[in-house]
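Take a look at the structure set out below.
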Amino acid sequence: MAALSEVYERLRGEIVDGTFDAGANLVELALAERYGTSRTPIREALRRLQQDGLVERGDRGMRVRSRSPEEILEIYEVRIALEATAASAAATRHSDFDLIRIHKAQSAMDAVSQDPSAMAAANRAVHEAIWTASHNGTVVDLLTRLNNHLTRYPATTLEIPGRWAEALAEHHELVQAIEARDADRAGALARTHMTKARDLRLQLYREA
């Protein structure tokens, strides 16, 4: 019988990759048969996915959370503020080890070829290194949760022509500000960087 962690990861993966469309009903019995398990781990996995923001309660039980431009705006309204807070805090509080981790993540991002999934993963690693350098567990937790919400919008803004090079340049400026312990500049750069990401995310949604 599949364990809870396995059921959670499989169901989460199929929601993110679009196997279950936005708005699709998630029936416990059908899912239990699909994954070869009882309804108990399915129920617990759905509860965790609801906390992640990937599913919601509807009229007929749990369903895949729908997508909307309003939600994108809501997510980024909070994320922009938190990314700026994390960058400012990282500039003030970073250790030598934090800088090593940030530079390593950025170097790995610099080396990525035009593979969308690798680009997105490398970009996230840089942001996560900066979050960690903020030494603010609450900010890290909230940003992680917000990122979970965005996994329901699988297309990456980094695929838009010209955005990859632009994002790399913005990252380098941000890392320099953090290294220089310039909290105001780091916060402002992070805010600008994420505002552009929001606008491009909305563009992708409209085009889809």
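Values in this text are rule-based calculations from the coordinates and carry no lab data. All of these numbers come straight from a predicted model, not from anything done at the bench. Cβ sites come from the backbone with ideal geometry, for glycine too, and all protein chains shown count toward neighbours.
Data table
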quantity: Cα-centred dipole magnitude for the chain, charges only on beta-carbon of K, R (+1) and D, E (-1), debye, nearest 20; calculated: 500 debye
quantity: Residue 47 paired with residue 181, simple spin-label distance in nm, labels 7 Å along Cα-to-beta-carbon; calculated: 4.7 nm
quantity: Stokes-Einstein D (µm²/s) once Rh is taken as the Kirkwood radius of region 138-194 over alpha-carbon pairs, at 10 °C in 1.306 mPa s; calculated: 123 µm²/s
quantity: Positive-end residue of 64, 127, 88, charge dipole of region 53-127 with Cβ unit charges; calculated: 64
quantity: Highest-fluctuation residue, 141, 115, 184 considered, GNM on the chain with Cα pairs under 10 Å; calculated: 115
quantity: Neighbour-count order for 206, 34, fewest beta carbons within 10 angstrom listed first; calculated: 206, 34
quantity: Length-normalised contact order for the chain - Cα pairs under 8 Å, 6+ apart - percent; calculated: 25 percent
quantity: 10 Å binning of all Cα-Cα separations within region 4-64, expressed as whole percents from 0 upward; calculated: 25, 65, 10
quantity: Fluctuation leader among 86, 197, 32 - the chain, Gaussian network, Cα springs under 10 angstrom; calculated: 32
quantity: Computed label-point distance, nm, for sites residue 173 and residue 93 using a 7 Å Cα→Cβ extension; calculated: 2.6 nm
quantity: Relative contact order computed over region 27-128 (Cα-Cα under 8 Å; 6+ residues apart), in percent; calculated: 12 percent
quantity: Within-9-Å neighbourhood charge of residue 80 [Cβ basis; K, R +1; D, E -1]; calculated: +1
quantity: Nitroxide proxy distance, nm - points 7 Å out along Cα→Cβ at residue 166 and residue 115; calculated: 2.5 nm
quantity: Formal net charge of residues neighbouring residue 102 (Cβ-Cβ distance under 15 Å; K, R +1; D, E -1); calculated: -4
quantity: Value of [θ]222 nm, deg cm²/dmol, for the chain, DSSP H segments ≥ 4, -39500 (n - 2.57) each, nearest 500; calculated: -24000 deg cm²/dmol
quantity: Cβ-placed point charges (K, R +1; D, E -1), dipole of region 4-64 about Cα centre in debye, nearest 20; calculated: 200 debye
